[in-house]
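Peer 1: Let me give you the structure first, and then I'll get to my questions.
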Amino acid sequence: MPQIVTMPSVVADSSEATLHVWHVAPGDQVSAGAPLGEIETEKAVIELTSPAAGTVARLLAEAGASVPVGEPVAVVLEAGETEADLDAALDVSAQTSRGKEPVSASHPEPGDVPESRSETEGTPARTFISPLARRRAKELGLAPESIAGSGPGGRIVRADVERAADPVHELQAAEAPDHGTLPETGPSGRREPLTPMRRAIANRVTTSKSTIPHFYLATDLQVDELLRLRSELNTSQETLGGARITVNDLLLKALGHALREVPEANTIWNGDAITRFDHADVAIAVATSGGGLLTPVVKGVETLSLGALAARTQELKSRAEQGRITGDELEGGSFSLTNLGMYGIREFYAIVNPPHSGILAAGSTRRVPVITDTGEVSSRSVMTVTLSADHRIIDGAVAARLLNTVQRCVEHPLSMLI
């Protein structure tokens, strides 16, 4: 049977994604798992792969088009299949994309043929419309039968509804030169359209700050021993050809150990329940080249050696900075780690990344005078870290124990290697 490639739900809460670019054309031969193109979600650009070996028969969405999750975007024909098989598969896909069983053309189910667009020999023609497009058409007061569909089989997608609602704007947009900005709104500034990533960040942090009762704990970490261990490990890593270990890697390792020792904090909020985890999966904040922020998750932090941890974080950061990371690498985890020390920021208060229970924010390392136990004054390297926690899940005493454990691991780093 022809393989219908649909827009995948690669990131939780994403209802659509943009077909960024095609790497193939109709007639190309592809193998199973071969990249067909790239899709841009609200968080990243990831590959769209072929579900089977065969011939690319049709590309159903143009590069740059916004496509609802579940909508067909391409068809791959396997050996021996024909155009007739393709048309039949698309017809079935159009009927089942809304969660219905396939129905015959002569006996459609009520609701599966919501409107008629034209009549042929007295029989109303079917008008297929995606759920997002239907909702938008209702909001704008448009009848689906009056809208020309650009999807497979004439299916109406949201972009079709938007064009029908404002044809003058669409014409002007098509004729106007693309300067990457909207018209000026004043003598000293210009409006820029939101990118999908910036919109996602705005929605996420607004939800976090308006629904999560944050509280904060801060402490100073003496990091002299940590820096000394890092230097020694990197000398070995260079000899062995491994990835260089960063301060952030060591902080991540310390947080992973702390989450295992304080399991009450290794949780997420589910609305009517709390999920507790056996392993420490921690998200790391990475600034991207496009000016946004991604939080890939490092799985099983407490089980990884420092060398393996450094290699994993280096790989994730490299791909995240380019916006090329898989959806599953952005999902999961119970806690986050963010670091602005490289910008000279002494301390800051980070926003919890839902549904995580907390986030640890690290500042820059600085030399400060410290009075030792013997009463002498000594110069030490100190870093301020701030823990932001969700009070629905974590109480103050639990957060304090977690932060104290992080401090112990950082100030006695050899304990993390045992």
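Peer 1: Of (1) under 19 Å from Thr386 (Cα atoms); (2) at pLDDT below 95; (3) surrounded by fewer than 19 Cβ atoms within 10 Å (Cβ to Cβ), Ser305 satisfies all except one. Which?
Peer 2: Among (1) under 19 Å from Thr386 (Cα atoms); (2) at pLDDT below 95; (3) surrounded by fewer than 19 Cβ atoms within 10 Å (Cβ to Cβ), Ser305 violates only (1).
Peer 1: OK, next. Which members of segment 233-290 meet the condition of being over 23 Å from the mean Cα position of the chain (by Cα), part of a loop (DSSP other than H, G, I, E, B) and touching a residue at least 60 places away in the same chain (Cβ under 8 Å)?
Peer 2: Gly242, Ala243, Arg244, Ile245, Thr246, Val262, listed by residue number.
Peer 1: Looking at Arg408, is it basic (Lys, Arg) and at pLDDT 95 or above?
Peer 2: Numbers: basic (Lys, Arg): yes; at pLDDT 95 or above: yes.
Criteria met by Arg408.
Peer 1: In addition: Report, by residue number, each residue of segment 143-178 that is surrounded by 16 or more Cβ atoms within 10 Å (Cβ to Cβ), modelled with pLDDT of 80 or more and either among the aromatic types (Phe, Trp, Tyr) or not in a helix (DSSP H, G or I) (or both).
Peer 2: Those that are surrounded by 16 or more Cβ atoms within 10 Å (Cβ to Cβ), modelled with pLDDT of 80 or more and either among the aromatic types (Phe, Trp, Tyr) or not in a helix (DSSP H, G or I) (or both): Ile147, Gly149, Ile156.
Peer 1: Could you grab me the full set of residues in segment 324-350 that are among the β-branched types (Val, Ile, Thr) and crowded, with 16+ Cβ neighbours inside 10 Å?
Peer 2: As a first pass, look at segment 324-350 and keep what is among the β-branched types (Val, Ile, Thr): 325-326, 338, 345.
If the condition is that a residue be among the β-branched types (Val, Ile, Thr) and crowded, with 16+ Cβ neighbours inside 10 Å, then Ile325, Thr338 are the ones that fit.
Peer 1: Would you pick out the residues in segment 28-50 that are of a type in the set (D, E, K, R), at pLDDT 80 or above and not in a strand (DSSP E or B)?
Peer 2: Pass one, segment 28-50, residues of a type in the set (D, E, K, R): 28, 38, 40, 42-43, 47.
Subsequent filtering for residues that are at pLDDT 80 or above retains 28, 38.
Of everything in segment 28-50, just one residue is of a type in the set (D, E, K, R), at pLDDT 80 or above and not in a strand (DSSP E or B), namely Asp28.
Peer 1: Considering only segment 409-418, state which residues are surrounded by fewer than 17 Cβ atoms within 10 Å (Cβ to Cβ) and part of a helix (DSSP H, G or I). Don't jump to the end; show me each part of the working.
Peer 2: If we filter segment 409-418 for residues that are surrounded by fewer than 17 Cβ atoms within 10 Å (Cβ to Cβ), which is where we start, we get 411-412, 414-415, 417-418.
Result: Glu411, Leu414, Ser415, Leu417.
Peer 1: Sticking with this structure for a sec: Residues in segment 367-400 that are under 34 Å from the mean Cα position of the chain (by Cα) and either within 16 Å of Gln222 (Cα to Cα) or in a strand (DSSP E or B) (or both): how many? Before you say what the answer is, go through the steps one by one.
Peer 2: Initial filter on segment 367-400 (under 34 Å from the mean Cα position of the chain (by Cα)): 382-400.
From what's left, either within 16 Å of Gln222 (Cα to Cα) or in a strand (DSSP E or B) (or both): 382-390.
Number satisfying all stated conditions: 9.
The values are calculated or read from the model by the stated rules, or taken from the named source; none is laboratory data. Being a predicted model, the structure only gives us computed values, none of them experimental. Using ideal geometry, Cβ is built from the backbone for each residue, glycine included, and neighbour counts are taken over all protein chains shown.
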